[in-house]
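The values are calculated or read from the model by the stated rules, or taken from the named source; none is laboratory data. Here the structure is a predicted model, which is why all the values come from computation and not from measurement. Cβ coordinates were reconstructed from backbone atoms using ideal geometry, including for glycine residues, and neighbour counts include every protein chain displayed. Note: accessible area is taken over every heavy atom of the protein model, side chains too, but ligands, DNA and RNA are not part of it. Shrake-Rupley method; radii C 1.70, N 1.55, O 1.52, S 1.80 Å.
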Amino acid sequence: MKPQILQNISLKPYNTFGIDCTAKNFIEVKTVDELLEVLKLVEQEKFPSIFILGGGSNILFLNDFDGLVIKNSIKGIEKVNNTENEENITLYVGAGEKWHQFVLFCLENNYGGIENLSLIPGTVGAAPMQNIGAYGVEICNVVERVKVIDRKTKEIKWIINDECQFGYRSSIFKHQAKDKYIIIGVEFRLTKKNHILNTSYGAIQDFLYSEDTLNLNTNQIPSINQISKAVIAIRESKLPNPKEIGNGGSFFKNPEIPSNQFEELKKEFPTIVGYAVSDEITKVPAGWLIEQCGWKGKIVGNTGAHKNQALVLVNYGDAKGEEIWNLAKEIQKSVFDKFGLNIEPEINIVG
Ligand SMILES: Cc1cc2nc3c(=O)[nH]c(=O)nc-3n(C[C@H](O)[C@H](O)[C@H](O)COP(=O)(O)OP(=O)(O)OC[C@H]3O[C@@H](n4cnc5c(N)ncnc54)[C@H](O)[C@@H]3O)c2cc1C
């Protein structure tokens, strides 16, 4: 059956910034076969461009979209045959599964590895794009391989972890192979016992061991469920919920700079914060830089930098994508003028 493409669909419910723009053509696919049919049609109809949409939590639409938006809703979570032993299991997850639902599934089954990534919005298929990460864990720690369709040849193939070129908020899918593949599923290798826990963040420690919250004994090892609870509580306390205020999470990446440049900056700005990535590289929190330029809580028309986290740009009303992008560029410029540092967007700008 020929795929039924819808026309002139509002994308407002499909992006967490809540930008009200229109897709000239739109289709949701629920199976790999449906996706292959749509790709065949794309060849015949010659759309000016196609855009693969997950949960819309890492994109900023600047204009109406003239081409075809393909919403990936391919679902399913399965054990991969002959991969389970006492310690580990491998799961194959459809790209359209919601990420946090998958985290909850793992917690229910006591599969460890992604508890620190609780409550990140979006889909499983988009997670390898920018190697999602939070609280000391990145998805590259648990991805075994990624199943893709080559957009041109329609060939289905696997990209193993080593080939994904995972880095800080980056991967081959976001850079070298941008627009080459559609991710249809991801295989994860998870632990069933002897979970590798990461509780090094102060806020996680506080939640686990404070009297007001979980009040564990300091010698007690937390469960993956308890770590997830901590992460959820921290995220809910500091990040605006996109259902209440439109946003796309962190707008910018934290710049990674040579450590000697960081030492120079420290002479001029003694309170500057930095985390060593290696002996030569230091990561500087973009939120701190933006805050120092006076943006935290500032409202500009329908947009602004959030009052609790300056790194999160928000849509307070009916902001256009362009308005948010203009604010982002002003922020970039002021950070560059004050610190000489370039902050790059983490968000995908669709223009
Ligand atoms: C409140 C909030 C908090 C956030 N916190 C974090 C965080 O802690 N850590 C973090 O890393 N990120 C965070 N994010 C960013 C975002 O949640 C992640 O990047 C997420 O993986 C995006 O998934 P998505 O399905 O919404 O992708 P979308 O926004 O729909 O798409 C993002 C990009 O991936 C492409 N894409 C999507 N699906 C596919 C596919 N199947 N195949 C090929 N390309 C595809 C799109 O074309 C687009 O370029 C946060 C966002 C919000 C709104």
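State the number of residues belonging to the range 146-179 that are outside any loop (DSSP other than H, G, I, E, B) and among the basic types (Lys, Arg).
2
Taking the conditions exactly as written (modelled with pLDDT under 95, among the basic types (Lys, Arg), over 30 Å from TYR316 (Cα atoms) and open to solvent by 40 Å² or more (accessible area, probe 1.4 Å)), does LYS79 satisfy them or not?
Against the criterion (modelled with pLDDT under 95, among the basic types (Lys, Arg), over 30 Å from TYR316 (Cα atoms) and open to solvent by 40 Å² or more (accessible area, probe 1.4 Å)), LYS79 does not qualify.
Inspect the range 254-270 for any residue being within 16 Å of the ligand (Cβ to nearest atom), among the small types (Gly, Ala, Ser) and not assigned by TED's automatic domain parsing to the domain that holds GLU108 and give the result as yes or no.
No - not one qualifying residue is present in the range 254-270.
For LYS152, which of the numbered conditions (1) more than 10 Å from the ligand (Cβ to nearest atom); (2) modelled with pLDDT of 95 or more; (3) of a type outside the set (Asp, Glu) fails to hold?
Of (1) more than 10 Å from the ligand (Cβ to nearest atom); (2) modelled with pLDDT of 95 or more; (3) of a type outside the set (Asp, Glu), only one is false for LYS152: (2).
Residues being surrounded by 19 or more Cβ atoms within 10 Å (Cβ to Cβ) and part of a helix (DSSP H, G or I): count how many of those fall in the range 209-225.
Number satisfying all stated conditions: 1.
I need a count of the residues in the range 1-53 that are in a strand (DSSP E or B) and farther than 14 Å from ARG151 by Cα. Steps first, answer last, please.
First, the residues of the range 1-53 that are in a strand (DSSP E or B): 6-10, 22-29, 50-53.
Right, trim to farther than 14 Å from ARG151 by Cα and you get 6-10, 22-29, 53.
Going through the range 1-53 one residue at a time, the tally reaches 14.
Condition test on GLY122, is it in contact with a Gly (Cβ under 7 Å, 6 or more places away or on another chain), of a type in the set (Gly, Ala, Ser) and at pLDDT 95 or above?
Against the criterion (in contact with a Gly (Cβ under 7 Å, 6 or more places away or on another chain), of a type in the set (Gly, Ala, Ser) and at pLDDT 95 or above), GLY122 qualifies.
Between residues in the range 60-81 that are without any contact (Cβ under 8 Å) to a residue 12 or more places away in the chain and residues that are part of a strand (DSSP E or B), which pairs lie under 9 Å by C-beta distance while being six or more apart or on different chains?
none
Every residue in the range 44-68 that is among the aromatic types (Phe, Trp, Tyr) and more than 6 Å from the ligand (Cβ to nearest atom), please.
PHE47, PHE61, PHE65
Answer yes if at least one residue in the range 11-20 is β-branched (Val, Ile, Thr), outside the structural domain of GLU155 (by TED's automatic domain parsing), more than 10 Å from the ligand (Cβ to nearest atom) and touching a Phe, Trp or Tyr at 6+ places or on another chain (Cβ under 7 Å), and no otherwise.
yes
Checking ASN217 against (1) touching a residue at least 12 places away in the same chain (Cβ under 8 Å); (2) away from the ligand (no atom under 14 Å from the Cβ); (3) farther than 21 Å from HIS100 by Cβ; (4) among the polar types (S, T, N, Q), which single condition isn't satisfied?
Against the list (1) touching a residue at least 12 places away in the same chain (Cβ under 8 Å); (2) away from the ligand (no atom under 14 Å from the Cβ); (3) farther than 21 Å from HIS100 by Cβ; (4) among the polar types (S, T, N, Q), ASN217 comes up short only on (1).
If you scan the range 22-40, which residues turn out to be more than 14 Å from the ligand (Cβ to nearest atom), touching a Phe, Trp or Tyr at 6+ places or on another chain (Cβ under 9 Å) and open to solvent by less than 80 Å² (accessible area, probe 1.4 Å)?
THR22, ASN25, listed by residue number.
Checking LYS75 against (1) within 16 Å of the ligand (Cβ to nearest atom); (2) out of contact with any helix residue (DSSP H, G or I) (no Cβ under 7 Å at 6 or more places or on another chain); (3) assigned to a strand (DSSP E or B), which single condition isn't satisfied?
Result: LYS75 fails condition (3) only.
For the range 226-242, name all the residues that are more than 10 Å from the ligand (Cβ to nearest atom) and either open to solvent by less than 10 Å² (accessible area, probe 1.4 Å) or closer than 17 Å to LEU60 by Cα (or both).
ILE227, SER228, ALA230
Are any residues in the range 134-168 under 14 Å from the mean Cα position of the chain (by Cα) and more than 23 Å from LYS71 (Cβ to Cβ), and if so, which ones? Full working, then the answer.
As a first pass, look at the range 134-168 and keep what is under 14 Å from the mean Cα position of the chain (by Cα): 134-135, 137-140, 166-168.
Within the range 134-168, ALA134, TYR135, VAL137, GLU138, CYS140, PHE166, GLY167, TYR168 qualify.
Does any residue of the range 86-94 turn out to be surrounded by 19 or more Cβ atoms within 10 Å (Cβ to Cβ) and within 12 Å of the ligand (Cβ to nearest atom)?
The answer is yes; a qualifying residue exists.
Given the criterion touching a strand residue (DSSP E or B) at 6+ places or on another chain (Cβ under 7 Å), open to solvent by 30 Å² or more (accessible area, probe 1.4 Å), away from the ligand (no atom under 15 Å from the Cβ) and charged (D, E, K, R), identify the matching residue among LYS320, LYS296, LYS333. Break it down into steps so the answer makes sense when it comes.
Values: LYS320 fails: touching a strand residue (DSSP E or B) at 6+ places or on another chain (Cβ under 7 Å); LYS333 fails: touching a strand residue (DSSP E or B) at 6+ places or on another chain (Cβ under 7 Å).
Going through LYS320, LYS296, LYS333 in turn, just one is touching a strand residue (DSSP E or B) at 6+ places or on another chain (Cβ under 7 Å), open to solvent by 30 Å² or more (accessible area, probe 1.4 Å), away from the ligand (no atom under 15 Å from the Cβ) and charged (D, E, K, R): LYS296.
Scan the range 103-130 for residues that are more than 7 Å from the ligand (Cβ to nearest atom), in a loop (DSSP other than H, G, I, E, B) and in contact (Cβ under 8 Å) with a residue 12 or more places away in the chain and jot them down.
Those that are more than 7 Å from the ligand (Cβ to nearest atom), in a loop (DSSP other than H, G, I, E, B) and in contact (Cβ under 8 Å) with a residue 12 or more places away in the chain: ASN110, TYR111, GLY113, ILE114, SER118, LEU119, VAL124, PRO128.
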